[in-house]
Amino acid sequence: MKSIFNTLDILVGYLSFGIMTFLLYFSLGSVAILSLLAIPVGFFEYGSGINELDLAEVGSLVLLCLVIWRFFSRGASQQWRRWQLVRRFIFVVAMNTLVVSFFLFLLFILVIFENGKVESGSLYKLDELITFSSTLIMILSIYAAAPLAPFYGEKHDASLSAPSSFAAPESDPSSDSDGSQSTCKTDFEDNLKNYRAPDNPWEKA
């Protein structure tokens, strides 16, 4: 009887894990896609085409496309799997949108507490500033999250090896008769030569 309940518990656990994982990725993916689509939609709010864009808005769109291309190009050069890149990209874009929305919500609450109401005219004036600033934050977030090569490579590890001047002398008058001091020096050289810098924790996040 106990084994039956244990098997059912495992099956229900895996089922709930799969459902919650799907809902998590579906929610974060929806937030990421909508937030990226909202950037050009916010710039083309008047429906007049590209003529209504100023230099800052055009530069923001170009930078956004460049950092997205850089993100996936860096990931491909580091031999990341496609699903790893998409998963990290979705997570960064969605978390950036949620954090910015949270701070905007706090600002909205503070304005209500101070003035008792929010005028539509003030929101219209801040709309362009909020759109531009949130786009810049999105660009910086994607740029910072791009996969990079490990900072400590093989060349750097080779430079950490002990120089030849550290070699233990064949005979040391100050050493003990059993050669214990010479053994310690040899162990120290071996440890120093075999030392490797720690791996980059963001390499395969």
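The values are calculated or read from the model by the stated rules, or taken from the named source; none is laboratory data. These figures come from a predicted structure and were not determined experimentally. A quick note on method: Cβ atoms are made from the backbone with ideal geometry, for glycine too, and the neighbour counts reach across all protein chains shown.
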Report task. Check segment 110-123 and report whether any residue there is within 30 Å of Arg70 (Cα to Cα) and modelled with pLDDT of 70 or more. Result -> no
Query raised in the report: Taking segment 56-85 as the region of interest, how many residues are surrounded by fewer than 16 Cβ atoms within 10 Å (Cβ to Cβ) and β-branched (Val, Ile, Thr)?
Result: 2
Query raised in the report: Quick one: in segment 44-55, which of the residues that are surrounded by 11 or more Cβ atoms within 10 Å (Cβ to Cβ) and among the hydrophobic types (A, V, I, L, M, F, W, C) is modelled with the highest pLDDT?
Result: Phe44
